[in-house]
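The values are calculated or read from the model by the stated rules, or taken from the named source; none is laboratory data. The shown structure was predicted, so the numbers you read here are calculated from the model rather than taken from an experiment. In this analysis, Cβ positions are derived from the backbone assuming ideal geometry, glycine residues included, and neighbour counts consider all displayed protein chains.
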Amino acid sequence: MKTINSFLVDHTVLLPGVYLSRVDGDAVTYDLRLKKPNKEKVLDNAPIHTIEHLFATFARNSRHQDSVIYFGPMGCRTGFYFIVRDNVSHNEVISLIKEAFDFISNYEGEIPGVSARECGNYLDHDLSGAKIEATEYLKKLQSVTADDIYYK
């Protein structure tokens with residue numbers, strides 16, 4: 001079988017940030033890398049789950065709500081994939097990511113979609129852990145621009 005593109009990225013030099021992962025027609029996938037692969041402790045499941053609920057809710061209620069396709073965790077637990085339509089510029093996506101992680105880092109209250117009816121694993125959440133991870137990632141995002149989204 002042919003090697004898929006994400007396995008061609010050199011994970012030994014990959015740093016936390018935002019990367020353009022792939023473009024498929026009008027769908028653009030961004031790699032939101034929170035942790036340095038194989039060097040930093042990976043994200044725990046409960047904070048990942050909470051970040052997923054909060055980010056998805058924020059993005060799907062944002063000015064770009066009609067362009068949001070998907071937000072979800074990577075299996076390696078070092079980050080997330082964010083998929084949007086190509087009618088949103090890279091700078092607008094980076095701005096939305098920063099706003100979403102700021103929202104998560106300051107979030108107080110009930111986590112959206114946390115009931116047995118709404119979620120397949122509703123008991124596995126950690127708001128305080130999600131806020132810590134979001135705050136750490138937000139610091140790494142401060143200087144990220146559209147010029148920084150290409151894998152080295």
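In region 14-22, the count of residues that are assigned to a helix (DSSP H, G or I) and either farther than 20 Å from residue 140 by Cα or among the β-branched types (Val, Ile, Thr) (or both) is zero. Note on region 100-124: residues that are surrounded by 11 or more Cβ atoms within 10 Å (Cβ to Cβ), closer than 16 Å to residue 58 by Cβ and either of a type outside the set (A, V, I, L, M, F, W, C) or modelled with pLDDT under 95 (or both) total 6. Put simply, of 97, 69 the only residue that is of a type outside the set (Gly, Ala, Ser), surrounded by 11 or more Cβ atoms within 10 Å (Cβ to Cβ) and in contact with a Leu (Cβ under 7 Å, 6 or more places away or on another chain) is 97. Of the residues making up region 67-124, those that are among the acidic types (Asp, Glu) and under 14 Å from residue 18 (Cβ atoms) are 92, 99. Looking across region 11-29, the residues that are surrounded by fewer than 11 Cβ atoms within 10 Å (Cβ to Cβ) and out of contact with any Lys or Arg (no Cβ under 8 Å at 6 or more places or on another chain) come down to 12, 23, 24, 25.
Restricting attention to region 16-40, the residues that are of a type in the set (Gly, Ala, Ser) and under 19 Å from residue 104 (Cβ atoms) total 1. For region 123-152, the tally of residues that are part of a loop (DSSP other than H, G, I, E, B) and within 20 Å of residue 77 (Cβ to Cβ) stands at 5. Of everything in region 42-101 that's of a type in the set (Gly, Ala, Ser) and part of a loop (DSSP other than H, G, I, E, B), which residue is nearest to residue 12 (Cα to Cα)? Checking each candidate, the answer is 75. Filtered by the rule that a residue be free of Cβ contacts under 8 Å to residues at least 60 places away in the same chain and among the hydroxyl-bearing types (Ser, Thr, Tyr), region 81-133 gives 89, 95, 105, 107, 115, 122, 128. Looking across region 102-119, just one residue is polar (S, T, N, Q) and either under 16 Å from the mean Cα position of the chain (by Cα) or not in a loop (DSSP other than H, G, I, E, B) (or both), and that is 105.
Matching residues to (1) closer than 15 Å to residue 94 by Cβ; (2) β-branched (Val, Ile, Thr); (3) surrounded by 13 or more Cβ atoms within 10 Å (Cβ to Cβ):
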site: 49; (1), (2), (3): no, no, yes
site: 53; (1), (2), (3): no, no, yes
site: 57; (1), (2), (3): no, yes, yes
site: 61; (1), (2), (3): no, no, no
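When region 114-145 is filtered for residues that are within 18 Å of residue 44 (Cα to Cα) and of a type in the set (Asp, Glu), the ones remaining, listed by number, are 124, 126, 133, 136.
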